[in-house]
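What follows is a set of notes on a single structure, which appears directly below.
Laboratory data are not the source of any read-out in this text; all were calculated from the coordinates shown. In this text, all values refer to a predicted model and were calculated from it rather than measured experimentally. All Cβ positions, even for glycine, are placed from backbone atoms using ideal geometry, and neighbour counts span all protein chains on display.
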Amino acid sequence: MKQISLKGRAYPSDLNHSGTVFGGWIMAKMDKAASIAVEDIVNSGAVTVSVSNLHFLKPIKNGDIVTIYTEIIAIGNSSIKINVSVMVRCKESHEEYEVTNAVFTFVTLDDAGKPINVRRVIREDISEDIKLLL
């Protein structure tokens, strides 16, 4: 199920010399949003191991409201794949449109930092759509 995991505003300190948001800035926000989605379903540590299919579709400008949506799309033995989509509400027009998307893969870890089976650390209160992925 797609959900809002992070929301904020782009400020002048987030902009590059062209007046748009740094790609790394939005990637960091996407990673944080994905980590929140993972924490919602497991009771363990987890780390980002890959980002794939990253697409920068449109620029983000100063003052734009950024909303990051996440959706768990696959659960492996120790990995969780999250689709991350970034929407922007333009400061001037209030038009909303997608600016970036990617798939983040996390691996669940035990206290020693070793990969652990997701099913061993899955939260009891997960939604039905997550249960279908197990």
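For the reader, a short list of remarks on this structure follows.
- Of all residues in the range 32-89, exactly one satisfies the criterion of being under 20 Å from residue 134 (Cβ atoms) and of a type in the set (Lys, Arg), namely 81.
- On inspection, residue 99 qualifies as surrounded by 16 or more Cβ atoms within 10 Å (Cβ to Cβ) and either over 12 Å from the mean Cα position of the chain (by Cα) or assigned to a loop (DSSP other than H, G, I, E, B) (or both).
- Hits in the range 53-85 - residues which are under 12 Å from the mean Cα position of the chain (by Cα) and more than 18 Å from residue 1 (Cβ to Cβ): 54
- When 60, 73 are checked against the criterion of being of a type in the set (A, V, I, L, M, F, W, C) and buried (at least 18 other Cβ atoms within 10 Å of the Cβ), a single residue qualifies: 60.
- Scanning the range 9-53 for residues that are surrounded by 13 or more Cβ atoms within 10 Å (Cβ to Cβ), over 15 Å from residue 64 (Cα atoms) and among the polar types (S, T, N, Q) yields 35, 44, 48.
- Cβ-Cβ contacts under 9 Å between residues 6 or more apart (or on different chains), taken from a first residue in the range 9-27 that is in a loop (DSSP other than H, G, I, E, B) to a second residue that is loosely packed, with under 11 Cβ neighbours inside 10 Å, are absent.
- Per the listing 85, 78, 93, the residue uniquely surrounded by fewer than 16 Cβ atoms within 10 Å (Cβ to Cβ) and among the polar types (S, T, N, Q) is 93.
- Hits in the range 1-24 (condition: polar (S, T, N, Q) and under 14 Å from the mean Cα position of the chain (by Cα)): 3, 5
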